[in-house]
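The values are calculated or read from the model by the stated rules, or taken from the named source; none is laboratory data. Please read these numbers as outputs of a predicted model, since none were measured by experiment. Glycine gets a Cβ as well: all are built from the backbone with ideal geometry, and neighbour counts include every protein chain shown.
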Amino acid sequence: MRITAVETVELPKHPRHIWVLVHTDEGITGIGEAHDKVELTKAAVHSFCAEIILGQNPMEIEKLWARMYDSANYTGYMGAEMRAMGAVDMALWDIKGQRAGLPVYELLGGKTQDSLRIYNTCISYGNIRDREMFMEDAGELAKSLLAEGITAMKIWPLDSLSERYNGQYVTRDEIRRGLMPFKKIRDAVGDKMDIALEMHSRWNVPMAIRIAEELEQYDPMWFEDPIQIDNISALASLRKKINLPILASERLATKYQFRELFEKDACDIAMFDVSYVGGITEGKKIAAMAETYHLPVTTHNCGSPVMYAVVSQLMVSCPNTNGIEAVRSLYKTFDMFDYGPDIHDGHIFFNDRPGLGLKFKDEVYNAEDTVHTFTREARNNQMFAVTGDPWAQSPGDDKAGVIHVK
């Protein structure tokens, strides 16, 4: 089995997401996903990942991951290359599952739970305005989520307070007023709802301590990324000075950065983004490392149904998973695939479809405004980067021997 082409798919309706398809000579195609800074990720997929994996055996996932990482890490193993690697890695696991006739979670060791609890990150999209709701009427938002069986939510009402002084100063009165959504939720539904505070790494250590002191009365589920994650020792010091569980961090990449987080005892809950860390292969290892420290893991996830399939199938195979992130405004409106996440009663459930278990709907994949970009091997072992028709070859002027066709 050989990898014959790498394709990216972009949809105008979803400009912050990009999908990667890995094609093989046996007609099996795997899918992966990345989000944010799409153009950078797209370039890395075609100019970096493709030249390493084309012509290779997609079953040899560990070997291909190591080759990509070895090629990326000397310039810094974060950013576009890692997101590209992550999407490619997802697609390789999808291929492996399809070929085996098994869902990916079976290849990763099987399910450790029958379903996974979700928490709702209150992002607005389309006609579902959860962000406005948590700022304006958080109590009613909590009731709405509970009516769907969702018993945990994440909000970020303090972000705007960091802007005036760049996160270097905030008064206690401002904090108290900023935390009113927490009070409204507790007044409306009591302890029936777990509430996490997302801090988006906007604060210095003294102000993070001040915020934690005011937040403590609301018994939050966690205190997420209160400071920049570029100094793990500072985060460890902060953790010793507050009485809230710290969650970190979707901003870290690969097991090597998480190793320092765990060794310095800097968090209570580990979170990673499967795309940012380099895919399923690396995510499984990070979760296993956290397990050796008796720490729970969860995942960052603002993706399409592809990412839900990736995140849920990976995390259900990890015995220390305490739940996954979900965004109802996205999973209720992203309808471009033939299968969507099975979410009800506040949990995501699983099926036995092979691989990741979904593909683009034909009418979406073939739509006139869907953008396809291919890179494939040429007969002379050069590669063709192709936009549009993957087989309509036409020479370009690329000095590196990559021919672009539109």
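Structure notes:
- Boolean, ASP36 is modelled with pLDDT under 95 and in contact with a Lys or Arg (Cβ under 9 Å, 6 or more places away or on another chain): yes
- Test: LEU116 is under 28 Å from VAL38 (Cβ atoms), in the same structural domain as TRP19 (by TED's automatic domain parsing) and in contact (Cβ under 8 Å) with a residue 40 or more places away in the chain: no
- Tally of residues being acidic (Asp, Glu), crowded, with 16+ Cβ neighbours inside 10 Å and without any contact (Cβ under 8 Å) to a residue 24 or more places away in the chain across region 250-263: 0
- Count of residues meeting criterion [part of a helix (DSSP H, G or I) and either among the acidic types (Asp, Glu) or closer than 11 Å to SER115 by Cα (or both)] in region 309-323: 3
- Among residues of region 202-249 being charged (D, E, K, R) and in a helix (DSSP H, G or I), the one that is surrounded by the most Cβ atoms within 10 Å (Cβ to Cβ) is ARG239.
- Lone qualifier among MET59, MET78 - being hydrophobic (A, V, I, L, M, F, W, C), touching a Lys or Arg at 6+ places or on another chain (Cβ under 8 Å) and assigned to a loop (DSSP other than H, G, I, E, B): MET59
- Residue in region 301-316 that is surrounded by fewer than 18 Cβ atoms within 10 Å (Cβ to Cβ), out of contact with any helix residue (DSSP H, G or I) (no Cβ under 6 Å at 6 or more places or on another chain) and more than 16 Å from ALA152 (Cβ to Cβ) present: no
- Residue in region 28-39 that is aliphatic (A, V, I, L, M), in a helix (DSSP H, G or I) and surrounded by 15 or more Cβ atoms within 10 Å (Cβ to Cβ) present: yes
Each row is one residue, and each column tells you yes or no for (1) surrounded by fewer than 20 Cβ atoms within 10 Å (Cβ to Cβ); (2) in contact with a Phe, Trp or Tyr (Cβ under 8 Å, 6 or more places away or on another chain); (3) at positive phi.
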| position | (1), (2), (3) |
| --- | --- |
| ALA5 | no, yes, no |
| HIS14 | yes, yes, no |
| LEU21 | no, no, no |
| LEU64 | no, no, no |
| ASP89 | no, yes, no |
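- Region 321-333: number of residues that are crowded, with 20+ Cβ neighbours inside 10 Å and touching a Pro at 6+ places or on another chain (Cβ under 6 Å): 1
- Matching residues, region 137-193, being assigned to a helix (DSSP H, G or I) and touching a strand residue (DSSP E or B) at 6+ places or on another chain (Cβ under 9 Å): ALA138, LEU141, ALA142, LEU145, ASP159, PRO181, PHE182, ILE185, ARG186
- Filtered residues of region 349-394 (kept if modelled with pLDDT of 95 or more, among the aromatic types (Phe, Trp, Tyr) and assigned to a loop (DSSP other than H, G, I, E, B)): PHE350
- Test: residue in region 43-64 that is touching a strand residue (DSSP E or B) at 6+ places or on another chain (Cβ under 6 Å), closer than 26 Å to ASP335 by Cα and outside the structural domain of TYR339 (by TED's automatic domain parsing): yes
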